[in-house]
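Structure record follows, encoded as structure tokens.
Derivation of every value follows stated rules applied to the coordinates shown; laboratory data play no part. It should be emphasised that the depicted structure is a prediction, and the values quoted were computed from it without experimental measurement. Don't worry about glycine lacking a Cβ; one is built from the backbone with ideal geometry, like all the others, and counts go over all protein chains shown.
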Amino acid sequence: MKIGMLQGFSGPTESLVQPMAEGGEHAIREVSESGLLLGGRTVEVIRADSTCIDSAAAVAAAERLVTSDGVHGINGPTCSGTTTAVINNVIRDAGVVTISPSATSPALSTIDDNGYFFRTAPSDARQGVIIGEILMEKGIESAALTYTNNDYGRGLADAIEAAYEERGGTITNVASHEDGRADYSSEIASLAAAGGEVLIVAGYLDQGGRGMIQAALDTGAFDRFVLPDGMVGSSLTDHFGTALDGSIGTNPGSDSPGVELMAQLGEEAGYAGDDSFVPEAYDASALILLAMQSAGTTDSSVYKDHVMDVANAPGEKIYPGELAKALEILANGGEINYEGGTAVEFIEPGESAGSFRETEVRDGRFETVRYH
């Protein structure tokens, strides 16, 4: 059988995607090499580039996976805007189970997907609440806010602004930014004129978000930043080093046993198993294949109804590296509660309830502070 790995291999999240894809493919290899999937089926991975920001390219890539390659499930897409386009133009009508590890727009919670779309990353509605709580706990009473001008950025910015102001904080100014520009000094000047103790950057670490930080540092407008999930990655701290010290990051994560196991799996295989969205990518692939095993078929119209069953209690808890055990339990008619690398727990309409990791940049590196 075939599983599509539809991720933003090019574009503003390129540095995040490589370890994500490796994590997702690790779970697929683990299942395929076990010889236990549906009586011994092996699994082939087909990579396709969703680009993160080019919806037409993402739709074309998804169509190729479904029609030419004949995939039985899809891990991806990476970003919210392209995910929306792929659901509306391909997945809903083609009827192929698709689990995104990283598309976080609140709008995806209510999208018409005919029951074929799931996500192992929690909604940004939850992330907005977490950021609002963190800022007020740290005594930060005012902040400027910039967002990448797409579905992900707008949805996250709205969630942050609403949650922060509900708790008594003040957003001094909100300004969108476009990815791919050479200079962001005018956007920074507008934000700086309104003031704010920190700059919240709801963008992408390899594109406009990085450019906004660069312009802020160059002009001295801001020296401390709040960095939601699309900005949390080693490529950002590798670029800026200690200039980001004191900045706050948030991304999906938990302190469950699966986190350490996922890090160990990645280290042994040569990728960063604890990078942003890597555990979510492993879990997305695992849930597709375990749902097939539970249903006894690769038919998406049937196994889509088993995804939430294998993800949630009751049943034996399953962690990274234990997929063969899970396949055997299911083959023998037993039940599993897939915890995976993220302690995933699905709520309606098929998305992670969500926990988040709070980080702080110290000595030029993101370090975990606590979990929410």
### Query
Among 22, 178, 137, which one shows the biggest mean-square fluctuation in a GNM of the chain, springs joining Cα atoms closer than 10 Å?
137
### Query
How much net charge surrounds residue 248 when only other residues with a Cβ under 10 Å from its Cβ are counted (Lys, Arg +1; Asp, Glu -1)?
0
### Query
So what is the relative contact order for region 255-372, in percent, with contacts set as C-alpha pairs under 8 Å and at least six apart?
23
#### Entry: GNM result for the chain, Cα springs below 10 Å: residue of 186, 247, 300 fluctuating most strongly
186
### Query
In whole Å, how far is the Cα centre of region 203-275 from that of region 182-198?
21
### Message
Sequence gap at least 6, Cα distance under 8 Å: using those rules, report the relative contact order of the chain to the nearest whole percent.
### Response
19
### Query
Once both axes come from the Cα atoms, what is the angle between helix 124-137 and the longest principal axis of the chain, in degrees from 0 to 90, rounded to 10?
40
#### Entry: For the chain, built as a Gaussian network whose Cα springs stay under 10 Å, the top-fluctuating residue of 189, 62, 216
189
### Message
Can you compute the FRET efficiency between residue 46 and residue 324 using 1/(1 + (r/R0)^6), with r the Cβ-Cβ distance and R0 = 22 Å? Round to the nearest 0.05.
### Response
0.45
### Task
Please give the net charge around residue 1, taking every other residue with its beta carbon less than 13 angstrom from that of residue 1, where Lys and Arg add +1 and Asp and Glu add -1.
-1
### Task
Treating cross-link reach as a plain straight distance, find the aspartates and glutamates whose alpha-carbon is under 18 Å from the alpha-carbon of residue 2, omitting any fewer than eight places away in the same chain.
22, 25, 30, 33, 44, 49, 63, 69, 283, 299
### Task
Just rank 51, 110, fewest to most, by other beta-carbon atoms within 10 angstrom.
110, 51
### Query
When 205, 36 are ordered from fewest to most other Cβ atoms inside 10 Å of their Cβ, what list results?
36, 205
### Message
Please list 3J(HN,Hα) in residue order for region 183-189, calculated via the Karplus relation 6.51 cos²θ - 1.76 cosθ + 1.60 where θ = phi - 60°; whole Hz, with x for glycine and proline.
### Response
9, 10, 5, 5, 5, 5, 4
#### Entry: Principal-axis tilt of helix 257-269 within the chain, Cα atoms, nearest 10 degrees
80
### Query
By counting other Cβ atoms within 10 Å of each Cβ, how are 109, 100 ranked from fewest to most?
109, 100
